[in-house]
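Okay, structure first, notes after.
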Amino acid sequence: MSLQAAQHDFSLYIHLPWCLHKCPYCDFNSHAVEIEALPEQQYIDSLILDLQQSQAQFKQRKVKSIFIGGGTPSLFSATSLDRILTACRQLMELTTDCEITLETNPGTFEAQKFAEFLASGINRLSIGVQSFDASLLQKLERIHSAKEAIVAIETAQSIGFTNINIDLMFGLPGQTVEAAKADIQQACTQQVSHISYYQLTLEPNTRFYRYPPEDMPDQDHSWDIQNHGIRQFAQAGYDRYEVSAFALPNQQCRHNLNYWRFGDYLGIGAGAHSKISSASTVTRNQRTRQPDSYMQAVPCKKHVLRSRTLSEDELVFEFLLNNLRLVDGFSPAAFAASTGLSEQILLNALAPALEEKLLQRQQQQIRATERGYRFLDELLQRFLPGTQCI
């Protein structure tokens, strides 16, 4: 097994875990907080110390993207975000065109604050709209209105943000095809560069999972909504390049592409995950999840809870788990470069799915067929470690 890690893309994820309200469908590591109780200074100090302690993992690696996620990171002041970004520039080598994304909720949008975010170097916004339908926003317990979402997008554009993503959800309680189409129409009207369009799922450890809404659409109805959406996006000039991602030409999210291509990344902050390649291994680790525990553990260097080296079958599964999400798929050569394994190991694993036409190979690219893409979760289960010989 031989890896040339320094040649691979490298990203940084920064987790800010607080929000004003915990949505009933959210299974992210996020915690509701009163703004006055936000331990902003202490947490930023912990992030910077975490980054300093992690230098060996990104030495001689060029950082091509930074993603500040949460929670609602825009609850933090521009001064605090400037502090952590300044530390990134001092400790890491950022590319000159490094993509720096900030997640935000329309209900926390302030024009002056976001102008300061832009001045600090944040050059991409991801705005959690979810829907432009007032009744659906209420069912999702979002803290913003449809009008506030539109104002947030338009204000960000007037400030000077040219790279903006909108998060939209479909398959919402009681959502009709027409309501879903109206959401997409409104999103496309905003002329943003990127739209993430993903289905509401009832994840364990969420309130919706414990108490499911009675009017959740069935699988066929959700599939119908998604198909209409895919056609709408195409008509509006948005290319689908990943299962749930649509972008104008050359506006794909670099940070997420690095995940989907099985690139390396460092995650700092409460609960953050990392994937780091060395010359001969691929290692994953996770920070302690609770914010208070994380802040207490960082000075003692006890904040990394779990660290493990991926086995061969785990490498095959995780590579496919990410790369098969991409419309264009991947090449066997990319598999070998990312995992250090031989191309033949991959081709042996894929042979049954290729035979069943769930996957297709054209020249040097392997991708899911239309049928394979529709049943992608079921397809990926075939490659779970322990379910096959590789």
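Coordinate-derived values only; no laboratory data. None of these values were measured; they are calculated from a predicted model. Don't worry about glycine lacking a Cβ; one is built from the backbone with ideal geometry, like all the others, and counts go over all protein chains shown.
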Total Lys pairs in the chain closer than 22 Å by alpha-carbon, pairs eight or more apart in sequence or interchain only? 13
What's the FRET efficiency of Thr162 with Gln90 using the Cβ-Cβ distance as r and R₀ = 25 Å, to the nearest 0.05? 0.40
Considering the options Ala149, Gly70, Val177, tell which one lies farthest towards the positive end of the dipole of the chain, charges being +1 on Lys and Arg and -1 on Asp and Glu at the Cβ, about the Cα centre. Gly70
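Remind me, relative contact order of the chain in percent, using alpha carbon pairs under 8 angstrom and six or more residues apart?
Values: 713 pairs, mean separation 66.4, N = 390.
Relative CO of the chain lands at 17 percent.
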Taking θ as phi - 60°, what are the ³J(HN,Hα) couplings along segment 115-123 by the Karplus curve (6.51, -1.76, 1.60), each to the nearest whole Hz, with x for Gly and Pro? 5, 6, 4, 4, 5, 6, x, 5, 10
Just need log10 I(q)/I(0) for segment 207-352 at q = 0.09, 0.14, 0.16 Å⁻¹, Debye formula, equal scatterers on the alpha-carbon atoms, no solvent, rounded to two decimals. -0.44, -0.95, -1.07
Compute, for the chain, the length of the dipole vector about the Cα centre, with Cβ point charges of +1 (Lys, Arg) and -1 (Asp, Glu) only. Units Debye, rounded to 20. 920
As I understand it, the dipole of the chain uses +1 on the Cβ of Lys and Arg and -1 on the Cβ of Asp and Glu, about the Cα centre. Which of Ile84, Ala353, Leu16 lies farthest toward its positive end? Ile84
Give me, ordered by chain and number, the residues 5 or more places off Gln130 or on other chains with an amide H under 5 Å from its own placed amide H. Asp167, Leu168, Met169
Full-extension gain between Glu178 and Ala56, please, as 0.36 nm times their residue separation minus the C-alpha to C-alpha distance. 38.7 nm
Volume per residue that the Cα convex hull of the chain spans, once the total is divided by residue count, Å³: 143
Ordering of 274-283, 41-50, 358-367 by packing [mean C-beta count within 10 Å, highest first]: 41-50, 274-283, 358-367
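What is the gain in length, in nm to one decimal, between Gln185 and His273 on full extension, counting 0.36 nm per residue of separation less the C-alpha to C-alpha distance?
Using 0.36 nm per residue and subtracting the Cα-Cα distance, I get 28.2 nm.
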When the expected Rg is taken as 2.2 N^0.38 Å, what fraction or multiple of it is the alpha-carbon Rg of segment 312-385? 0.97
Would you mind getting me the FRET efficiency between Thr369 and Leu305? Use the beta-carbon distance for r and R0 = 51 Å, nearest 0.05. 0.85
Where a label projected 7 Å from the Cα of Leu20 along Cα→Cβ would reach, residues of segment 65-80 with amide N under 20 Å: 69-80
Taking only the alpha-carbon positions of segment 42-110 and ignoring solvent, what does the Debye formula give for the base-10 log of I(q)/I(0) at q = 0.11, 0.15, 0.18, 0.25 Å⁻¹? -0.29, -0.53, -0.74, -1.25
Would you please state which residues of segment 146-184 a label at Gln199 would reach in this model, taking the label point 7 Å out along Cα→Cβ and a backbone N cut-off of under 20 Å? 167-184
For a label point 7 Å along the Cα-to-beta-carbon line of Ile230, residues of segment 311-353 with backbone N under 18 Å: 323-330
